[in-house]
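Colleague: I have a structure I would like to understand better, so I am pasting it below and will then ask my questions one at a time.
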Amino acid sequence: AVLIGYHLVANEPRLVERLSGLAVYLGAIVLAAFLGRILSFDPWRAEIIPLMVTVMILAIAYNQDLAALTAFTLSLLLTLSSVADTGEFVVLMSVAATAIVPLSRIRSRSSLIKVGFWCGVVFFLVTYGTAVIKTQSLDLLWHDQTLLLHSLRGAGWCLASGYIVAGSLPFIEATFGIVTDISLLELSHVSHPLLQELVRRAPGTYNHSIAVATLAEH
């Protein structure tokens, strides 16, 4: 809590000054920790879903630094609250880092689903890796069906998290007061009513705007 507080004051002054924004951020952490604890029980073991969804939203709404710090905090909270070992923390943090790194910019909703897919791959590999390190044996790679089921289930939850964030992007924008690249691309589509009106009333202005936008993009 002290680490997050210091980071917010030092690097996110606008977030601290806006009480509504700070309340949304802190509420997201509390909700993620609560849902993660509830979903950590058998047979679900789906604590990765609130963790991934939260850090992806924070990376989109704010920045990757704040998302990474929050991911560390939530991973630690979920590990301690579920009385898991260090390997669980490594898995959670690895998946969270995999989700955060590609989200500097979002070009399409499918990119969020791809993030979920690669997080699933990382979950599967790191889960097996930590199990091998813990047991000092490679036999479980072929004979431990419980570990295989847990790894596949966790990978599926990661993919589901990507779909959740992609589908709820308009609500995320409204809640955090942001506009993502996806929304800007949707607004700039030629079928938008305002652009159609511009084409009808001022075709020269429209063509000039398209030319300038093309130059700016390149």
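The values are calculated or read from the model by the stated rules, or taken from the named source; none is laboratory data. These figures come from a predicted structure and were not determined experimentally. Cβ coordinates were reconstructed from backbone atoms using ideal geometry, including for glycine residues, and neighbour counts include every protein chain displayed. The area values use the complete protein model at the heavy-atom level, side chains included, leaving out ligands, DNA and RNA. Shrake-Rupley method; radii C 1.70, N 1.55, O 1.52, S 1.80 Å.
Colleague: Return one quarter of the surface area of the convex hull spanned by the alpha-carbon atoms of segment 106-218, equal to its mean projected area, in nm². List each step's numbers first, then the result.
Modeller: On the way: hull surface 43.3 nm².
If you wrap the Cα atoms of segment 106-218 in a convex hull and average its projections, you get 10.8 nm².
Colleague: Short version: what are the Cα gyration tensor semi-axes of segment 123-180, square root of 5 times each eigenvalue, largest first, in whole Å?
Modeller: Working: eigenvalues 270, 25, 7 Å².
Over the Cα atoms of segment 123-180, the semi-axes work out to 37, 11, 6 Å.
Colleague: Among all helices in the chain defined by DSSP H, which have a length of 27 Å or more along the axis from Cα atoms plus a Kyte-Doolittle mean of at least 0.5?
Modeller: Values: long enough: 19-39 (29 Å, 2.02); 109-135 (40 Å, 1.14); 145-167 (33 Å, 0.80).
Membrane-span-like by this criterion, though nothing is claimed about a membrane: 19-39, 109-135, 145-167.
Colleague: State log₁₀ I(q)/I(0) for segment 1-121 at q = 0.11 Å⁻¹ as given by the Debye formula over alpha-carbon point scatterers of equal weight, solvent excluded.
Modeller: Result of the Debye calculation: -0.36.
Colleague: Still on this structure: Quantify, in whole percent, the carbon and sulfur part of the accessible surface of the chain (1.4 Å probe; protein heavy atoms only). Please report the intermediate quantities before stating the final value.
Modeller: Details: 8740 of 12640 Å².
Of all accessible area on the chain, carbon and sulfur atoms account for 69 percent.
Colleague: Within segment 141-166, list the residues whose amide N lies under 20 Å from a label point set 7 Å along Cα→Cβ of L125.
Modeller: 141-142, 147-162
Colleague: Could you work out Rg/(2.2 N^0.38 Å) for the chain, with Rg from alpha carbons only?
Modeller: Working: Rg = 21.0 Å, N = 218, 2.2 N^0.38 = 17.0 Å.
Normalised by 2.2 N^0.38 Å, the Cα Rg of the chain equals 1.23.
Colleague: Turning to a different aspect of this structure: Based on the Cβ-Cβ distance from V16 to V101, what FRET efficiency comes out when R0 is 35 Å, to the nearest 0.05? Present the calculation step by step, with values, prior to reporting the outcome.
Modeller: Working: r = 26 Å, r/R0 = 0.73.
The value I calculate is 0.85.
Colleague: When the distances between all Cα atoms of segment 96-153 are binned every 10 Å from zero, what whole-number percent does each bin get?
Modeller: 22, 40, 23, 13, 1
Colleague: Rg/Rh for segment 45-108: what does it come to with C-alpha atoms and Rh from Kirkwood?
Modeller: Numbers: Rg = 11.6 Å, Rh = 11.7 Å.
Taking Rh as the inverse mean 1/r over Cα pairs, Rg/Rh reads 0.99.
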